[in-house]
Structures are given as C-alpha cells and as structure tokens.
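In what follows, a structure is listed as structure tokens, so that the remarks can point back to it.
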Amino acid sequence: MPGYYDHIVQHPGTLICRFLGLHCLSVRKDRKASSPQKLYFVVMGNMFNTPFEIHRRYDLKGSWVGRVTKAEDYDPSVALKDVDFSDANEAVRVGSERRAKLLAQIERDSAFLRDNNIIDYSLLLGIYDLGTGAGVAEGGSKAEDGHESLGDGNERSEHGRAGEAQAAVLSERTPADSVSVAASDVAVSVTATDTLVRGASASNEVPVHQCDMGGMLSSDQKSLYFLGIIDILTPYDSKKHLEHWFKGLLHDYRGVSCCPPTMYAERFNKFMSAAIM
C-alpha cells in the first residue's frame with residue numbers, strides 16, 4: 001500500500017484505479033451464533049462515473065487466447081474483450097499529442113505494476129458516441145437547468161438531450177495543443193464529474209484522460225472515451241507460474257493472459273500503442 005500511495009501522489013494523472021477505503025463488517029448468521037463472521041470489502045472509484053450513457057465497453061489486456069465474447073453471451077452492459085475490439089476495428093482516436101501523453105502514463109503505470117509483481121490488470125474502456133439518440137444516462141441525471149432528465153421521454157426530447165450533451169462536450173473541450181485545464185473549469189461543466197477531478201495535481205492540471213467533461217474526446221469529435229486500469233491485485237505467484245506453463249502447452253504462450261510480469265507489461269503496452277491513435 002505505501003508504494004501504491006506513493007505512485008498515486010507522484011503521478012496524479014495515473015490511469016490506475018483509486019482505492020477509497022478498506023472496510024470490514026461483522027456479520028452474524030443468527031442470534032445464537034457464537035462469533036460473528038468478518039466480511040471485508042474495498043470501495044473503489046468508478047471509471048464510468050458520468051451522466052453519459054456508455055454505448056460500448058471493453059476490457060483490454062493485450063492477450064488473445066480466450067479473449068473473445070461468444071455471440072450468445074453478448075450484452076451491451078458487459079465489457080467485450082481484446083479480440084472483439086480488434087474485429088470491430090475499434091481504436092482510441094485522440095490525436096498525436098494526447099496519444100503520446102496517454103501512452104507515457106500507461107507505460108509508467110504498467111512499470112509500477114510490473115515492479116510489484118502484478119499481472120492480470122486491464123484497461124477498462126467505455127465509449128459514448130456523441131450525436132446518438134441516447135444522450136444522458138437514464139435515471140435522474142440533471143440537466144443544466146437543474147431539472148430531472150426523464151429516461152422514458154419521447155424521441156424528440158431524447159435527440160434534444162443528445163444534441164445538448166454533444167454541444168456541452170464540444171464547448172468544454174480542451175484544445176489539442178494544451179491538455180492542461182483548470183480543475184475549476186472542469187468541475188462546473190458536469191457535477192457528476194467532481195470526484196474525477198480530485199486526482200488533479202497541485203498545479204491544477206487535470207489528467208489527460210479526464211480533461212473533457214471527465215472523459216477524453218476523440219480527435220474527430222464523434223466519441224467520448226472513459227478509461228482506466230483495473231484489476232491490479234493479482235500477484236504472479238507459483239500458482240500463476242504453473243498456469244502459464246500449462247496453458248502455454250495448449251496455446252501460443254504469447255497470447256495467454258497469465259504470464260510473467262515483464263512479459264505482461266510489454267504485451268500490454270504494445271497493444272495499447274496500436275489501439276491508441
């Protein structure tokens with residue numbers, strides 16, 4: 001934990017998920033139980049803490065063995081995988097300058113995880129398509145005038161909200177030649193993104209992947225990306241070493257998700273370098 005804390009403080013633009021608390025509940029199955037059972041859980045920051053509906057989501061590791069979603073298992077609310085991302089010709093299109101900044105931070109984050117013997121992490125990516133009929137997510141999101149947005153409105157109101165959302169994103173967009181935005185400017189754009197701004201540094205710079213209303217606007221202004229690195233608690237122990245060896249006998253070992261930390265980080269960075277444009 002000290003190393004994790006230091007990394008978050010030294011790199012406020014990190015994509016690594018933020019742990020907000022570790023808690024314990026003492027639970028008794030019944031009144032006659034001799035001693036309570038302890039239930040531990042962690043509270044984490046939500047990568048998709050946004051009023052915008054996530055139209056597509058992906059869980060990307062850089063591996064390909066078993067990293068495809070079966071047609072019968074497809075669900076818009078479930079994250080697709082690496083092979084699905086490639087087959088759909090998806091890409092994170094953010095322009096050369098933002099791409100360089102984003103990849104540099106991903107490399108720093110993966111190096112930290114590698115040095116701490118961590119594998120199995122992934123980039124969680126959510127994509128909101130601007131200009132679609134489904135604008136603000138259903139369920140009580142507030143418009144700029146403070147009134148509740150109804151999720152079951154007519155088609156005209158849906159397109160109206162989508163148009164307003166698109167205009168809001170474009171109006172608050174950070175210029176491509178400068179990704180540093182005052183935290184106060186972002187905080188007033190969408191109330192729901194206040195918590196995303198808390199990771200800003202002392203110089204009030206907002207992380208590059210959160211500088212457009214809590215997300216990252218595509219270079220063609222057609223998509224808004226929400227992304228972060230999750231699942232960072234799996235160590236490469238003897239059990240994982242055996243898993244890598246066994247699966248390497250059955251498949252191409254280079255595409256097996258479970259692999260040594262150095263190999264995992266290199267493959268992860270290579271995939272992100274190709275996916276981010």
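The values are calculated or read from the model by the stated rules, or taken from the named source; none is laboratory data. Not measured: the values here are computed from a predicted model. We place every Cβ from the backbone using ideal geometry, glycine too, and count neighbours over all the protein chains shown. Ligands, DNA and RNA are stripped out before the accessible areas are found, and what is left, the full protein with its side chains, is counted by its heavy atoms. Shrake-Rupley method; radii C 1.70, N 1.55, O 1.52, S 1.80 Å.
Summary of computed values
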{"read-out": "Given (1) under 17 Å from ARG114 (Cα atoms); (2) open to solvent by less than 20 Å² (accessible area, probe 1.4 Å), number of the condition HIS244 does not satisfy", "value": "(2)"}
{"read-out": "Residues (in contact (Cβ under 8 Å) with a residue 40 or more places away in the chain and in contact with a Lys or Arg (Cβ under 9 Å, 6 or more places away or on another chain)) located in segment 205-220", "value": "VAL208, HIS209, ASP212, MET213, MET216, LEU217, SER218, SER219, ASP220"}
{"read-out": "Helices (runs of 4 or more DSSP H) completely within segment 75-174 that count 1 or more residues being open to solvent by 60 Å² or more (accessible area, probe 1.4 Å) and modelled with pLDDT of 95 or more", "value": "82-87, 96-115"}
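Listed here are the residues, each with its yes/no results for (1) modelled with pLDDT under 95; (2) more than 22 Å from the chain's Cα centre (by Cα); (3) surrounded by fewer than 18 Cβ atoms within 10 Å (Cβ to Cβ); (4) under 15 Å from GLY62 (Cα atoms).
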position: ARG198; (1), (2), (3), (4): yes, no, yes, no
position: ALA202; (1), (2), (3), (4): yes, yes, yes, no
position: ASP212; (1), (2), (3), (4): yes, no, no, no
position: ASP237; (1), (2), (3), (4): no, yes, yes, no
position: LEU249; (1), (2), (3), (4): yes, yes, yes, no
position: CYS259; (1), (2), (3), (4): no, yes, no, yes
position: SER273; (1), (2), (3), (4): no, no, yes, yes
